[in-house]
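Presented below is the structure to which this report refers.
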């Protein structure tokens, strides 16, 4: 019997990828308006190359962007990019439609609820607070706080230990096959893949190991048989 349900954060609880692209384009537009010497498309393409190289959690993407295009860092341009990015991001930060009712259902039925996420501690907590769902979570485990990332089994083991549950009584829900689903498999946990397009080989593996649920609201009916 399932006693604890663990969620991924980004692109599971809310549409990270969709809002990030819009926020980045808005930031570049503002930077060009304030003196970045390129077109908006050129600036966006350059920014995406920087993000690919440095990772999404790097905190000086716009510094590098201004230096690459203008030859030097420009505080005014950088600050305009940062402010526009965050204003756009926070304006769009909304739960997936079914998430609130699912979390409410789980808590009302006595399930323990946890979050297992790859990311910076403060950034992920900020998202939970802004989304208004942090009270639902009994434990939040970030890769930064424990020193390992999904799909390493260790991060799942730490989360289970914190909640006092075992592999056989835990369920992981996420959108990334390689990170969330295979990570849960590595830790011996059942899992559900949502909001995701997968390859034929991944589907075969999924058929062997997990449930593939396209919509999160299917969780309620599934919980009744687990």
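The values are calculated or read from the model by the stated rules, or taken from the named source; none is laboratory data. Since this is a predicted model, take the numbers as computed values, not measurements. Backbone-built Cβ (ideal geometry, glycine too); neighbour counts: all protein chains shown.
Hey, which of the helices (runs of 4 or more DSSP H) in segment 102-196, taking only ones fully inside, have at least 2 residues that are within 27 Å of residue 208 (Cα to Cα) and touching a helix residue (DSSP H, G or I) at 6+ places or on another chain (Cβ under 9 Å)? If you could, list the steps in order and put the result at the bottom.
Values: elements: 121-131, 143-146, 153-163, 182-186.
Passing ranges, in order: 153-163, 182-186.
If a residue has to be within 20 Å of the chain's Cα centre (by Cα) and touching a residue at least 12 places away in the same chain (Cβ under 8 Å) to count, how many in segment 54-69 make the cut?
The qualifying residues number 3.
Just checking, does segment 197-212 include any residue being surrounded by 17 or more Cβ atoms within 10 Å (Cβ to Cβ), more than 15 Å from the chain's Cα centre (by Cα) and assigned to a loop (DSSP other than H, G, I, E, B)?
Within segment 197-212 (the criterion being surrounded by 17 or more Cβ atoms within 10 Å (Cβ to Cβ), more than 15 Å from the chain's Cα centre (by Cα) and assigned to a loop (DSSP other than H, G, I, E, B)), the answer is yes, since at least one residue qualifies.
Determine which member of the set 77, 51 is farther than 25 Å from residue 130 by Cα, touching a helix residue (DSSP H, G or I) at 6+ places or on another chain (Cβ under 8 Å), outside the structural domain of residue 149 (by TED's automatic domain parsing) and not in a loop (DSSP other than H, G, I, E, B).
Details: 51 fails: farther than 25 Å from residue 130 by Cα.
Criteria check complete, one pass: 77.
Quick check: is even one residue across segment 43-53 closer than 28 Å to residue 153 by Cα and either surrounded by 13 or more Cβ atoms within 10 Å (Cβ to Cβ) or touching a residue at least 60 places away in the same chain (Cβ under 8 Å) (or both)?
Among the residues of segment 43-53, at least one is closer than 28 Å to residue 153 by Cα and either surrounded by 13 or more Cβ atoms within 10 Å (Cβ to Cβ) or touching a residue at least 60 places away in the same chain (Cβ under 8 Å) (or both), which makes the answer yes.
To keep it simple, each residue is scored yes or no on (1) out of contact with any strand residue (DSSP E or B) (no Cβ under 8 Å at 6 or more places or on another chain); (2) modelled with pLDDT under 95.
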position	(1), (2)
151	yes, no
158	no, no
166	yes, no
177	no, yes
201	yes, yes
